[in-house]
1. Kindly provide log₁₀ I(q)/I(0) values, in the same order as q = 0.24 Å⁻¹, from the Debye equation applied to equal alpha-carbon scatterers of the stretch 258-313.
2. Express the accessible area of the stretch 230-334 per residue in Å², computed with a 1.4 Å probe while the remaining protein chains stay in the model.
3. I want to verify the translational diffusion coefficient of the stretch 230-334 in µm²/s; compute it with Stokes-Einstein, Rh as the Kirkwood radius over Cα pairs, at 4 °C and 1.567 mPa s.
4. Could you give the nm distance between label points at Trp17 and Lys320, where each point is 7 Å from its Cα heading toward the beta carbon?
5. Kindly flag which residue pairs out of Lys166/Lys225; Lys146/Lys225; Lys276/Lys331; Lys164/Lys300 have an alpha-carbon separation exceeding 26 Å in this structure.
6. Would you mind calculating the gained length between Glu237 and Glu5 on full extension (0.36 nm times residue separation, minus the Cα-Cα distance), in nm to one decimal?
7. Ordered by packing density, taken as the mean number of other Cβ atoms within 10 Å over each peptide's residues, highest first, how do 139-146, 169-176, 246-253 rank?
8. By its C-alpha gyration tensor, with a ≥ b ≥ c as the square roots of the eigenvalues, how is the stretch 165-311 shaped: rounded for a/c under 1.5, else prolate for a/b larger than b/c, else oblate?
Amino acid sequence: MKFGETFKEYLHGDQEWFLDKFSHVEYKRLKRVLKSCRTCQALHGSNKKTEQIDDEENPMLSQFCQCQSCPVCDQMFFTELMREATDIAGCFSSRVRHLLHLHVATGMQRYVLRIRQCFKNDQQDLVQEGRMLIEYITMNAIAIRKILKKYDKVHSSVNGKKFKSKMRAEHLELLQSPWLIELGAFYLNFNGSDGGEFIQFSGSFACDLNATEPVMTMVLPNSIKLEYDLTCAICLETVFNPYALTCGHLFCKSCACSAASVMIFQGLKAASPDSKCPICREAGVYANAVNMLELDLLIKRRHRDYWKERLIAERAEMVKQSKEYWESQTKYVIGY
Ligand SMILES: [Zn+2]
Ligand SMILES: [Zn+2]
Ligand SMILES: [Zn+2]
């Protein structure tokens, strides 16, 4: 089946009620735009040979017939796609955030939340929603890839490819979202075992923390395979209390704090906007860093001793830092 059909079926299938609330890639519309480009290019080709068709007589043609640069479709096409990708990424992260909040909330907090949700969200529902969100992000990511490929084919250009890199650079590549890692960890936390099919789902997840390089792998619908290295590039250990910076790189909170020259108790929000990621050197990546609670929970469950050890070390470091901090503050106030 062609992807367009699959996507249409997905949008209007049994998840329609769920997808109604979300933006999605206007695949059909974008494809129609490309189709008019193609028709026009074909005509334009024969036009050159015969030189019989006059642009003025065919306003539709003159509108589309700029085959080299294709100004009409370039402007509309990429702006539209960028807007859609931004919307989708926004929908996805806010829904995942909400879903995981319900899961990680503990004790009284959870109780209150549950009552507010009128007991609607039992565990199965949470997992079900997680699955739908994974499918949502994957299907839209595929739609974007396909439509960009099509764009390049129709125009024999590399603009689609360039646009893809631009999206990556602006962190709009949908499958790069740290919330997807969180969803994968959430799944594994529910299942307990790797690859187990909690409910019917075409993807599968696994996490191996004992390997020389701790990794989490996710196989998504359409056999897209994602692999995440869970080693912190600063301490070279499995990440503890992990944070994903805006650039997508994962670090332990304490390591990220030291890289940004802030104290652990101050947190990454206190980092200067000039602070750079130690791996990719991008600036301004700390303010909106994502605290990966599900991933932390996964590591805690699977690697309890290591996790405890790191917790004790982090606390000790925090006490030391705050002591130094307050000493320096008092010195400043007293002035000696
Ligand atoms: Zn075009
Ligand atoms: Zn670290
Ligand atoms: Zn980075």
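1. -0.95
2. About 55 Å² of surface per residue is accessible.
3. Translational diffusion coefficient: 90 µm²/s.
4. 5.6
5. Cα-Cα > 26 Å for Lys276/Lys331; Lys164/Lys300; rest within.
6. 79.0 nm
7. The most tightly packed comes first, giving 139-146, 246-253, 169-176.
8. Oblate, because a/c is 1.5 or more while a/b does not exceed b/c.
The values are calculated or read from the model by the stated rules, or taken from the named source; none is laboratory data. Fair warning: this is a prediction, and the values are worked out from it, not measured in the lab. For neighbour counting, all protein chains shown are included, and Cβ atoms are generated from backbone atoms with ideal geometry for every residue, glycine included. Only protein heavy atoms, including side chains, enter the accessible area calculation; ligands, DNA and RNA are left aside. Shrake-Rupley method; radii C 1.70, N 1.55, O 1.52, S 1.80 Å.
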